[in-house]
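Beneath this line is the structure, given in structure tokens, with notes to follow.
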Amino acid sequence: MSSLNNPESKVSVLVLDDEVIIRDTFYDYLELFGFTVRTAENSTEALDILRQFGADVLVVDYNLPDMNGLSFIKEAAAISQDYITFLVTGSNSLEVAVEGMKIGIHDYLVKPINLEELKTLILNAIDERNKFIKGKSIIQEFIQTISVNQSQDQPIIHIVQRNIK
């Protein structure tokens with residue numbers, strides 16, 4: 001479902017916001033730059049989209065009609081922990097930002113959102129994730145090579161394996 005491992009695929013973004021103008025604006029802008037964008041106005045609809053289509057990036061409003069954005073992010077994590085998540089809010093609450101960071105959001109954005117900044121943040125996050133995936137792959141390949149030639153390198157293999165899981 002995720003396109004992060006396949007450079008030929010478009011990056012998919014799910015925008016969850018109860019305000020239609022924000023959903024439509026984010027949709028129109030991100031589509032212009034080649035993202036596949038889906039939108040939802042509530043968490044139930046968004047979770048259905050994630051189960052059916054998946055997503056690489058979540059842009060989640062904090063104030064939703066059926067739950068807050070942090071609760072949604074926790075529920076989404078039960079589907080996959082691979083989402084790059086941005087929490088959007090109308091207020092600059094340090095408490096919400098800290099709680100968001102604790103549950104793994106990539107960034108916290110305060111409305112009004114600068115669309116160019118959002119696009120840049122998404123692209124940078126995708127780039128970071130791709131570098132991480134590539135690095136992990138290189139390490140796994142290295143471990144495989146060492147495993148084949150196992151002799152006195154045994155302790156090194158266990159240290160490296162333990163640190164990449």
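The values are calculated or read from the model by the stated rules, or taken from the named source; none is laboratory data. Worth saying up front: this structure is predicted, and the values here are computed from it rather than measured. Here the Cβ is made from the backbone with ideal geometry for all residues, glycine too, and neighbour counts use every protein chain on show. Please note that ligands, DNA and RNA were not included when accessible areas were found on the heavy atoms of the full protein model with its side chains. Shrake-Rupley method; radii C 1.70, N 1.55, O 1.52, S 1.80 Å.
Which residue, of THR120, THR85, THR145, is farther than 30 Å from GLY34 by Cβ and either touching a residue at least 24 places away in the same chain (Cβ under 8 Å) or assigned to a helix (DSSP H, G or I) (or both)?
THR145
Please determine whether any residue of segment 86-97 is open to solvent by 60 Å² or more (accessible area, probe 1.4 Å), under 19 Å from GLY54 (Cβ atoms) and among the acidic types (Asp, Glu).
No, that holds for no residue.
Would you point out the residue of segment 48-63, among those that are touching a helix residue (DSSP H, G or I) at 6+ places or on another chain (Cβ under 6 Å) and over 23 Å from ILE133 (Cα atoms), that is surrounded by the fewest Cβ atoms within 10 Å (Cβ to Cβ)?
ASP61
Inside segment 82-107, can you point out the residues that are of a type in the set (S, T, N, Q) and at pLDDT below 90?
SER91, ASN92, SER93
Can you pull out every residue in segment 64-84 that is of a type outside the set (Asp, Glu) and open to solvent by 70 Å² or more (accessible area, probe 1.4 Å)?
Listed by number, the residues that qualify are PRO65, LYS74, ALA78, GLN81.
Considering (1) over 19 Å from ALA125 (Cα atoms); (2) touching a His at 6+ places or on another chain (Cβ under 8 Å), say which one MET67 fails and leave the rest.
The single condition MET67 does not satisfy is (2).
Could you please find all residues in segment 15-25 being open to solvent by less than 10 Å² (accessible area, probe 1.4 Å) and more than 14 Å from TYR83 (Cβ to Cβ)?
Matches in segment 15-25: ASP17 only.
Residues checked against (1) part of a helix (DSSP H, G or I); (2) more than 25 Å from ARG38 (Cα to Cα); (3) under 19 Å from the mean Cα position of the chain (by Cα); (4) in contact (Cβ under 8 Å) with a residue 60 or more places away in the chain:
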{"residue": "VAL98", "(1), (2), (3), (4)": "yes, yes, yes, no"}
{"residue": "GLY104", "(1), (2), (3), (4)": "no, no, yes, no"}
{"residue": "PRO112", "(1), (2), (3), (4)": "no, no, no, no"}
{"residue": "ILE138", "(1), (2), (3), (4)": "yes, yes, no, no"}
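Check whether at least one residue in segment 130-145 is closer than 22 Å to HIS106 by Cβ, modelled with pLDDT of 75 or more, surrounded by 13 or more Cβ atoms within 10 Å (Cβ to Cβ) and of a type in the set (Lys, Arg), and report yes or no.
No - not one qualifying residue is present in segment 130-145.
Taking only segment 86-103 into account, find how many residues are in contact with a helix residue (DSSP H, G or I) (Cβ under 7 Å, 6 or more places away or on another chain) and over 12 Å from TYR62 (Cα atoms).
Going through segment 86-103 one residue at a time, the tally reaches 1.
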